1. If you scan the stretch 4-26, which residues turn out to be surrounded by fewer than 12 Cβ atoms within 10 Å (Cβ to Cβ) and of a type in the set (S, T, N, Q)?
2. Enumerate the pairs (first residue in the stretch 58-73 and within 13 Å of Ile39 (Cα to Cα); second residue anywhere and assigned to a helix (DSSP H, G or I) and among the charged types (D, E, K, R)) with beta-carbon separation below 7 Å, excluding pairs fewer than 6 apart on the same chain, so at least 6 apart or on different chains.
3. Output yes when any residue across the stretch 62-75 is assigned to a helix (DSSP H, G or I), more than 12 Å from the chain's Cα centre (by Cα) and either over 22 Å from Ser127 (Cα atoms) or of a type in the set (Val, Ile, Thr) (or both), and no when none is.
4. Keeping to the stretch 92-103, report how many residues are surrounded by 16 or more Cβ atoms within 10 Å (Cβ to Cβ) and free of Cβ contacts under 8 Å to residues at least 40 places away in the same chain.
5. Quick one: how many residues across the stretch 107-131 are under 15 Å from Arg30 (Cα atoms) and either outside any helix (DSSP H, G or I) or within 12 Å of the chain's Cα centre (by Cα) (or both)?
6. Give the stretch 37-57 a look and list any residue that's part of a helix (DSSP H, G or I) and either more than 25 Å from Arg129 (Cα to Cα) or touching a residue at least 24 places away in the same chain (Cβ under 8 Å) (or both), or say none.
7. For residues that are of a type in the set (Phe, Trp, Tyr) and either closer than 12 Å to Gly59 by Cβ or at pLDDT below 95 (or both), tally how many sit in the stretch 1-43.
8. Would you tally the residues in the stretch 104-125 being touching a residue at least 24 places away in the same chain (Cβ under 8 Å) and either within 12 Å of Ser81 (Cβ to Cβ) or aliphatic (A, V, I, L, M) (or both)?
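The values are calculated or read from the model by the stated rules, or taken from the named source; none is laboratory data. Predicted model only: the values in this text are computed from it and were never measured. Don't worry about glycine lacking a Cβ; one is built from the backbone with ideal geometry, like all the others, and counts go over all protein chains shown.
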Amino acid sequence: MAEQRGYMTDPEGPPDEARVADWIGPSAFRYWKRMTGLIEEKWPGVFAPEWLFGGRKYGWSLRYKKSRSFCTFTPEKGRFSVLITFGAEQRAGVEAIRGDLSQETQTGYDQAPVFTDGKWFLMAVDSARAVEDAVRLLCVKRRPGRARRS
């Protein structure tokens, strides 16, 4: 059951920041805030994050997307995870930075499943090193830069 895994499954509406902080806990929430801040810093004005409800089985997640999915944060009881999907060219980019990633991230990436739309890497963001690794991987997904004008 989803509640046992700790997903936020209340269908009434997306959680606010206080609810996320309470659900994932103070340590994980610091990493959550660090990640959201780094995304805004490195890709200013590019993404308008949106909450998605995956039903009672998967609960709420926060997706960053422009024309394609960038990453998705999933708040879980006591922690949070980030999902990053890499296409073929992006996987080559990950291989180029592989040595800069922690052993834990390398192992998780190697074990991530590959589907027709890419390699789906779900990683727990539970340390400063995990934040660094996630940002490095996101930089492979999309080069940091300034906001583009419409």
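1. Of everything in the stretch 4-26, just one residue is surrounded by fewer than 12 Cβ atoms within 10 Å (Cβ to Cβ) and of a type in the set (S, T, N, Q), namely Gln4.
2. Note: pairs meeting the criteria are Phe70/Lys141.
3. So in the stretch 62-75, the residues assigned to a helix (DSSP H, G or I) come out as none.
No: the stretch 62-75 contains no residue that is assigned to a helix (DSSP H, G or I), more than 12 Å from the chain's Cα centre (by Cα) and either over 22 Å from Ser127 (Cα atoms) or of a type in the set (Val, Ile, Thr) (or both).
4. Here the count works out to 1.
5. Residues of the stretch 107-131 that are under 15 Å from Arg30 (Cα atoms), as a first pass: 124-131.
With the extra rule that they be either outside any helix (DSSP H, G or I) or within 12 Å of the chain's Cα centre (by Cα) (or both), the set shrinks to 124-127, 130-131.
Total satisfying the criteria: 6.
6. So in the stretch 37-57, the residues part of a helix (DSSP H, G or I) come out as 37-42, 55-57.
Within the stretch 37-57, Leu38, Ile39, Lys42, Gly55, Arg56, Lys57 qualify.
7. Kept after step one, since they are of a type in the set (Phe, Trp, Tyr), are these residues of the stretch 1-43: 7, 23, 29, 31-32, 43.
Still in the running and either closer than 12 Å to Gly59 by Cβ or at pLDDT below 95 (or both): 7, 23.
Count: 2.
8. The qualifying residues number 6.
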